[in-house]
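Engineer: Next up is a structure, given as structure tokens.
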Ligand SMILES: *Cc1c(COP(=O)(O)O)cnc(C)c1O
């Protein structure tokens, strides 16, 4: 599927000359280590001993019986150390950076989740860590700024543009250009220039590798669908990857529709975006009439990225995966429903996938199963969901 870093027409390396050396060095190193037994043994050890893998595939009995239709399984990435799937990627990249002789990790972060995960890996590996975060986001996510500092990272507020995630990505890329000798840019999702979308996918593919074994063990056959939320798309592609060749398994990505795909307050890239080039890749992006990147909105900070990873853009083009919009309201309802029905408080990002699963499962029959990836836990979202419901609670 991938040829020279392309997924169909998407992907590529749309970057300044000054960044080429860094991505070439990274690609060479990745090609050298990705099938290296020692590298993979070390990574598996980190996954198991540190992150707590394999994560459970949990049969959500109460939800399944209440909704009717397919048996619903939840892939519990929320049970990983640091509370989400992001640790899979950062452990992989930190290990790779160490093998490359790098001593410093830099990262971008929006809500702060990827920044905290990177700071965690840096602490574990004894590496220096600098996280770029939009100034606006540092105010909204003060707790995560504190956690990053506690873990030993330096947090640099980014004041350019809209002072949010997309500006933090741009700043991290500029910083990488100026200091590639000792620094690895630990990118947080399946986006950016080749080889990032491939590297991040491969580290997250452990999710579908486990789902496959676990569902075959539990059900004796493949699921009718795998459903995951899509920001940049890393937990989704990780959940889909080992099912791409199984055409009987539907792959469904849930985008943040915000207040609706017929409004400007949305982050549903496939449903509302157009082809463009940004952050080093060709893919679909939310844009204004002039082709400028549009401001995006979702109740979920982890899903409001104005683009989508190039492999998803390709899976959409060829009709292999479906990308459906889920509104704030639907996600909040799922957040509340799954909390009281299963005793699991999902991340508001993951609640987008759960919301669609709640509509989809009843359309299937009882001898079918679906798997929904719970990408993270929802402790971080309680204050904002309460506020959405008109209740002010202090942190
Ligand atoms: C960051 C995040 C996401 C969105 O990122 P993807 O790269 O699309 O997976 C989803 N869920 C949680 C819990 C997150 O922290």
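Engineer: Using the Kirkwood formula over every pair of different C-alpha atoms, what hydrodynamic radius in Å results for the chain?
Structural biologist: The Cα-based Kirkwood calculation yields 20.7 Å.
Engineer: Would you calculate, for the chain, the mean residue ellipticity at 222 nm contributed by helices, counting each DSSP H stretch of 4 or more residues as -39,500 (n - 2.57) and dividing by all residues, to the nearest 500?
Structural biologist: About -12500 deg cm²/dmol.
Engineer: Let me ask something additional. Along the Cα→Cβ direction, 7 angstrom out, place labels at residue 124 and residue 292. What is the inter-label distance in nm?
Structural biologist: A separation of 4.1 nm, rounded to one decimal place.
Engineer: Relative contact order, percent, of region 201-304 when contacts are C-alpha pairs under 8 Å separated by at least 6 residues?
Structural biologist: 22 percent
Engineer: Where in region 1-29 does the amide nitrogen come within less than 17 Å of the point 7 Å from the Cα of residue 317, taken along Cα to Cβ?
Structural biologist: From region 1-29, the list is 1-14.
Engineer: For residue 28 and residue 139 in one chain, what is 0.36 nm times their gap in residues minus the Cα-Cα distance, to one decimal in nm?
Structural biologist: 36.1 nm
Engineer: Simple spin-label model, 7 Å along Cα-to-Cβ: residue 18 to residue 81 in nm?
Structural biologist: For residue 18 paired with residue 81, the spin-label model returns 3.6 nm.
Engineer: Another question, if that's okay. How high is the FRET efficiency between residue 62 and residue 36 when r is their beta carbon distance and R₀ equals 35 Å, given to the nearest 0.05?
Structural biologist: Efficiency at R0 = 35 Å is approximately 0.20.
Engineer: Still on this structure: Let me know the Rg and Dmax you get for region 44-98 when you use only its Cα atoms, in Å.
Structural biologist: 14.8, 49
Engineer: When a footprinting reagent is the concern and you count Cβ atoms within 10 Å, what order do 365, 208 take, fewest first? Spell out each step's value before the answer.
Structural biologist: Numbers: 365 10, 208 24.
Placing the least packed residue first, the sequence is 365, 208.
Engineer: Round to the nearest 10 and give me the degree value, 0 to 90, for the angle of helix 17-33's Cα axis relative to the longest principal axis of the chain.
Structural biologist: Roughly 60 degrees between the two axes.
Engineer: Sticking with this one: So what's the gap between the Cα centers of region 290-305 and region 113-131, to the nearest angstrom?
Structural biologist: 25 Å
Engineer: Take 290, 284, 314 and order them by how many other Cβ atoms sit within 10 Å, fewest up front.
Structural biologist: Ordered by Cβ neighbours within 10 Å, fewest first: 290, 314, 284.
Engineer: Follow-up. Express the C-alpha Rg of region 1-133 as a ratio against the empirical globular expectation 2.2 N^0.38 Å, rounded to two decimals.
Structural biologist: 1.29
Engineer: Turning to a different aspect of this structure: What length, rounded to one decimal in nm, is gained on full extension from residue 333 through to residue 174, with 0.36 nm per residue of separation minus their alpha-carbon distance?
Structural biologist: Contour length minus the Cα-Cα distance gives 53.2 nm.
Engineer: In percent, how large is the relative contact order of the chain, given Cα pairs closer than 8 Å and 6 or more residues apart?
Structural biologist: That works out to 20 percent.
Engineer: Can you tell me the mean projection area, over all orientations, of the convex hull of region 331-395's alpha carbons? Units nm², please.
Structural biologist: Averaging across all directions leaves 4.6 nm² for the Cα convex hull.
Engineer: With a cut-off of 8 Å between alpha carbons and a minimum separation of six or more residues, what is the relative contact order of region 97-252 in percent? Write out the running numbers ahead of the final one.
Structural biologist: Numbers: 259 pairs, mean separation 31.2, N = 156.
Relative contact order, region 97-252: 20 percent.
Engineer: What order do you get for 92-101, 76-85, 243-252, 230-239 when each peptide is scored by the mean count of other beta carbon atoms within 10 Å, highest first?
Structural biologist: 230-239, 76-85, 92-101, 243-252
Engineer: Using alpha carbons only, how many degrees (0 to 90, rounded to 10) separate the axis of helix 348-360 from the longest principal axis of the chain?
Structural biologist: Computed tilt is about 30 degrees.
Engineer: Next question, about the same structure. Over region 239-283, with a single point scatterer placed on each C-alpha, what log10 of the ratio I(q)/I(0) does the Debye formula yield at q = 0.15, 0.19, 0.34 1/Å?
Structural biologist: Normalising to I(0) and taking log10 leaves -0.58, -0.80, -1.07.
Engineer: Using all C-alpha to C-alpha distances in region 1-51, build P(r) with 5 Å bins and read off the rounded percent in each one.
Structural biologist: Percent of Cα pairs in each bin: 4, 16, 15, 19, 17, 14, 12, 3, 0.
Engineer: Let me ask you something else. Name the residue, out of 133, 20, 191, whose mean-square fluctuation peaks in a Gaussian network model built on the chain with Cα pairs under 10 Å.
Structural biologist: Looking only at 133, 20, 191, the largest GNM fluctuation is found for 20.
Engineer: Using a simple spin-label model with points 7 Å from Cα along the Cα→Cβ vector, what separation in nm is obtained for residue 247 and residue 387?
Structural biologist: Using points 7 Å along Cα→Cβ, the separation is 4.8 nm.
Engineer: Where the centroid of each part is defined by its Cα atoms, how far is region 371-390 from region 30-73 in Å?
Structural biologist: Taking the Cα centre of each part, region 371-390 and region 30-73 sit 21 Å apart.
Each value in this text was obtained by applying a stated rule to the coordinates, not by laboratory testing. Nothing here was measured: the structure is a model prediction, and the numbers come from that model. So basically every Cβ, Gly included, is an ideal-geometry build from the backbone, and we count neighbours across all protein chains shown.
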